[in-house]
Structures are given as C-alpha cells and as structure tokens.
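Everything below concerns the one structure shown next.
The values are calculated or read from the model by the stated rules, or taken from the named source; none is laboratory data. Nothing here was measured: the structure is a model prediction, and the numbers come from that model. Virtual Cβ from ideal backbone geometry, glycine too; neighbours counted across all protein chains shown. To get the accessible areas, we keep the full protein, side chains included, count just its heavy atoms, and leave off ligands, DNA and RNA. Shrake-Rupley method; radii C 1.70, N 1.55, O 1.52, S 1.80 Å.
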Amino acid sequence: MTQKGILAFSGGLDTSVVVKYLQEEYDMDVITVTVDVGQGDDPKKIAAKAKKLGAKKHYNIDARKEFAEKFIFPSIKANALYQKKYCLATALARPLIAEKVLEIAKKEKVTALAHGCSGKGNDQVRFDITFRSGSDLPIIAPIRDKNLDRETELKFAEKHGIQIDTVAKKFSIDQNLWGRAIEGGVLEDPYNEPPDDVFIWVKTKNLPDTPTYLEITFEKGVPVEVDGKKLDALKLIEYINKKAGASGVGIVDHIEDRVVGIKSREVYETPAATCLIEAHQDLEKMVHTKHQNKFKSLIDDEWAYLVYSGLWQDPLKKNLDGFIESSQRTVSGTVRLKLFKGNLRVVGRKSLQSIYSYEMATYGIGSTFDQRMAKGFVELWGLQSTEANKLQRKWSKKT
Ligand code: ARG
C-alpha cells in the first residue's frame, strides 16, 4: 500500500523540495497543508504550487484570528521577548501550524507526518514536540534526515522545475502577523550590517521629520483600541505594524542562542510586537505592585524560554499561563507612544487601576506622604548592610 504523508507546506524552498523528496525517496502520496498565520502569501498561488508539485490534495486553513487571539495575545500578556529581544513570531506560529496539520492528518488517515525543517534550527523542535504530543505517527523530515544544505536544495529545486523567488535565494525568511525573520546569506557574518533591501515592513530611509504618536488601550492585558479606534486582534496588529514600520520602528538585530546550541545572527522586523510589548510592560509597572513586577519578570522570562524552546505543550507553560492570566486582572489603561526616526518611547500612561498616586509622589505642596516616616524605615531597611560594613571597618582597623 502506498504510504500517505501529510506536510506543513509554505510554498518556500524547503517545503517544496520536501514534497518531491517524499514522493521520490519515500514513495509517498503527499497531502499539503498551508496554515495561514499572516504570511501574506496568496493562497491560490500556493495551492497551484502544491498541485504542480504533484500533491494529491491541498488544504488552506486561515488561522490568523486564532493565531492573534490564542498565541500572540498571551505572549503580550507575558511581555514575551526571548533573550530580551525576540518576540517569538516564528516560535508562536509553529505549534498552531502543527496542531492544524494534526487535525487534518486524523481526518485523512495518513501514515506519516512531515515537515521541512532542518536539523540545525528551532522549528524541528517545535514541530516534532507538537506532533509527538498529539500523535504516534512517524515523523519525517527529509532536510534533516538527509542532511541537506541550501545549495543542494537549490540545485534540486532547479532540476525539478521548482520556482524560487530571488529574495528566497539570498535569505531564509519566515513571515507572519507578528514578525518577519530574516536569516542567512550576508547576514551570516554577524559584523555585516543588514542591507536596507532586506526590510519590507520597516522604513529605513527618508523617514518623516515629525514624530508620530500611537495610543494603545488595554483591557485585562489585551490591546483593544488604538488611536481611539476599537479594532479586532488582526486589524489592530496590522494597523500598528504599518504605522510603526513607517516611522522606522521595529528592527531587531541580535545574536540568538538556539535550542540545539548553535549561536545564530537573527534579524527581525517586528513593529507591532515592539510597540505592544513596550506599552503593555509599561502599563503593568503602573498597576502592579513592585513585588508583582519583580516576580512577573521571572515568569515572563521562563514563558518566553519555554515557547522559544518548543515546549508550548509542557504542563509548566500552562501553570505559568495561570499566573500570568491572574496578573492581568488589573492591566487596563492607555499608553501613549512616540515614534520618531526609528525610535520608540513611552511618553504617557493612564489607568483607573493605577497604583501611582500624585499626592504621594509630588515634590510640591499638599503631599500626603509624611517624610518623617522614612527615617525609621531606612534604618531598618539597611540594618544588615550597615551592620556588616560596621563590622568590616572594625576588623580592618585591627589588622
Ligand atoms: N530564530 C527564530 C526562531 O527560531 C526565527 C527563525 C526563522 N526562520 C527562518 N527561516 N528565517 O524562532
């Protein structure tokens, strides 16, 4: 009986090559699934590509809303930035894509699950673990299993008449609603500045000479309104991506520690993520106590680490979700951001849940804070530190 494999298909170099590999080397019928998480591709073109490659059946699933509400929004609540920089755009999308592929796999009664990830990246981890968490079917990853490199893939693609666009030949790009990741080519020398033409979302030249403001309102940690307009998740993210991108905001360039141990140079365009996380985090500082702020940043870091590392399904992630969700009860209010020539700055925030008190903070007349209370407090606060130093002084005099 012919084997039937299902493949998460983007229409890019890797997954196109994999369709042919599955047919030729693994003797399989292939079902392709494209899960739209905001890649911005034309679903008809991808379907045509799949057909041309000989896929027996092709599915296109529009998961953008689900991606925004169930994956991106929780990441905003967690201020999720892996290694303080990367908003997890690709990392968040993978478990959703893999889950959707699994759903169809069950319906189609396939005999194997396939993906186009290499053995060097993080995506294999995310796909494998999501697949394994929901199914016992064998997992096939030809790029990894056959140790293929990009040059070999490009040659293979040419031989099989697979068309690859020119940008994809120069760089490896992954794009969705939350961000655009650019790797490879000249960027592999970490000292090379990314050429301007790698950026599509963020303007790098002729930036406006006047600042732009962005006003974001959150309700229980979820952004619900921008610049006075109530927008659904999808529109809200698209709106901010556009507006912040036009002001040159949202480029991230950093050295990243991959799950498999490799250090990689990653370049991202993430205007909406940059603004929303900055604004959300700022609002939290106003409505949370200092103890909540200190503790939550540990939880946030762990959340980002787990999600980056492909452990979306780990019970610990759910446990952390519980904490994060309960912390968002008071995270409602509005934050004002100023965007100017690639810079982003919070310039205002307000909230009915604010713990900030003008009466307490003011240096002016009418303050309700009695400074005299502070004297005793400081003595006790520094008690052990000053005692330790006193002792040091005593011993150093003796020796
Ligand atoms: N380093 C990021 C991650 O692991 C992005 C990877 C993007 N993939 C790509 N082919 N450019 O999530």
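The residues in region 28-49 that are open to solvent by less than 40 Å² (accessible area, probe 1.4 Å) and farther than 21 Å from Leu96 by Cα can be counted, and the count is 1.
Does Ile251 qualify as being touching a Cys at 6+ places or on another chain (Cβ under 8 Å) and either of a type outside the set (Gly, Ala, Ser) or open to solvent by less than 30 Å² (accessible area, probe 1.4 Å) (or both)?
Working: touching a Cys at 6+ places or on another chain (Cβ under 8 Å): no; either of a type outside the set (Gly, Ala, Ser) or open to solvent by less than 30 Å² (accessible area, probe 1.4 Å) (or both): yes.
No, not satisfied.
Here is a yes/no grid of residues against (1) under 28 Å from Val224 (Cα atoms); (2) out of contact with any helix residue (DSSP H, G or I) (no Cβ under 7 Å at 6 or more places or on another chain); (3) not basic (Lys, Arg):
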{"position": "Ser332", "(1), (2), (3)": "yes, yes, yes"}
{"position": "Lys338", "(1), (2), (3)": "yes, yes, no"}
{"position": "Ser351", "(1), (2), (3)": "yes, no, yes"}
{"position": "Thr362", "(1), (2), (3)": "no, yes, yes"}
{"position": "Asn389", "(1), (2), (3)": "no, yes, yes"}
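Of the residues in region 369-390, how many are in a loop (DSSP other than H, G, I, E, B) and surrounded by 10 or more Cβ atoms within 10 Å (Cβ to Cβ)? Even if it seems obvious, please write down each step before you answer.
Our first condition is that a residue be in a loop (DSSP other than H, G, I, E, B); within region 369-390, this holds for 369-371, 382.
When the remaining residues are screened for being surrounded by 10 or more Cβ atoms within 10 Å (Cβ to Cβ), the result is 369, 382.
Going through region 369-390 one residue at a time, the tally reaches 2.
Among all positions in region 59-81, there is at least one residue which is of a type in the set (Ser, Thr, Tyr) and more than 16 Å from the ligand (Cβ to nearest atom). Within region 306-326, can you find the residues that are surrounded by fewer than 17 Cβ atoms within 10 Å (Cβ to Cβ) and either polar (S, T, N, Q) or in contact with a strand residue (DSSP E or B) (Cβ under 7 Å, 6 or more places away or on another chain) (or both)? Hits for region 306-326 are Asn319, Ser326.
Taking region 243-301 as the search range and keeping residues that are of a type in the set (S, T, N, Q) and in contact with a strand residue (DSSP E or B) (Cβ under 6 Å, 6 or more places away or on another chain), which one is farthest from the ligand (Cβ to nearest atom)? Steps first, answer last, please.
Within region 243-301, the subset of a type in the set (S, T, N, Q) is 247, 264, 270, 274, 281, 289, 292-293, 297.
The next check asks that each one be in contact with a strand residue (DSSP E or B) (Cβ under 6 Å, 6 or more places away or on another chain); those that pass are 247, 264, 270.
Details: Ser247: 24, Ser264: 6, Thr270: 11 Å.
In this case the residue turns out to be Ser247.
Scanning region 210-233 for residues that are within 16 Å of Thr274 (Cα to Cα) and either open to solvent by 30 Å² or more (accessible area, probe 1.4 Å) or assigned to a strand (DSSP E or B) (or both) gives Thr212, Tyr213, Leu214, Glu215, Ile216, Thr217, Phe218, Val222, Pro223, Val226.
The numbered conditions (1) more than 14 Å from the ligand (Cβ to nearest atom); (2) over 22 Å from Tyr21 (Cβ atoms); (3) among the charged types (D, E, K, R) are all true for Lys51 except (2).
The set of residues in region 112-121 that are touching a Ser or Thr at 6+ places or on another chain (Cβ under 9 Å) and surrounded by fewer than 23 Cβ atoms within 10 Å (Cβ to Cβ) comprises Lys120, Gly121. Selection of region 246-267 for residues being of a type in the set (Ser, Thr, Tyr) and closer than 16 Å to Arg126 by Cβ yields only Ser264.
May I ask you to list the residues in region 268-293 that are closer than 27 Å to Gly121 by Cα and either of a type in the set (S, T, N, Q) or free of Cβ contacts under 8 Å to residues at least 60 places away in the same chain (or both)? Thr270, Thr274, listed by residue number. Among residues of region 153-171 being open to solvent by less than 40 Å² (accessible area, probe 1.4 Å) and small (Gly, Ala, Ser), the one that is nearest to the ligand (Cβ to nearest atom) is Ala168.
Here is the figure for region 260-290: residues that are surrounded by fewer than 16 Cβ atoms within 10 Å (Cβ to Cβ) and assigned to a loop (DSSP other than H, G, I, E, B) total 4. Exactly one residue out of Ile216, Ile182, Ile240 is in contact (Cβ under 8 Å) with a residue 24 or more places away in the chain and within 16 Å of the ligand (Cβ to nearest atom), and it is Ile182.
Residues of region 84-97 that are away from the ligand (no atom under 11 Å from the Cβ) and under 29 Å from Ser297 (Cβ atoms): Lys84, Pro95, Leu96.
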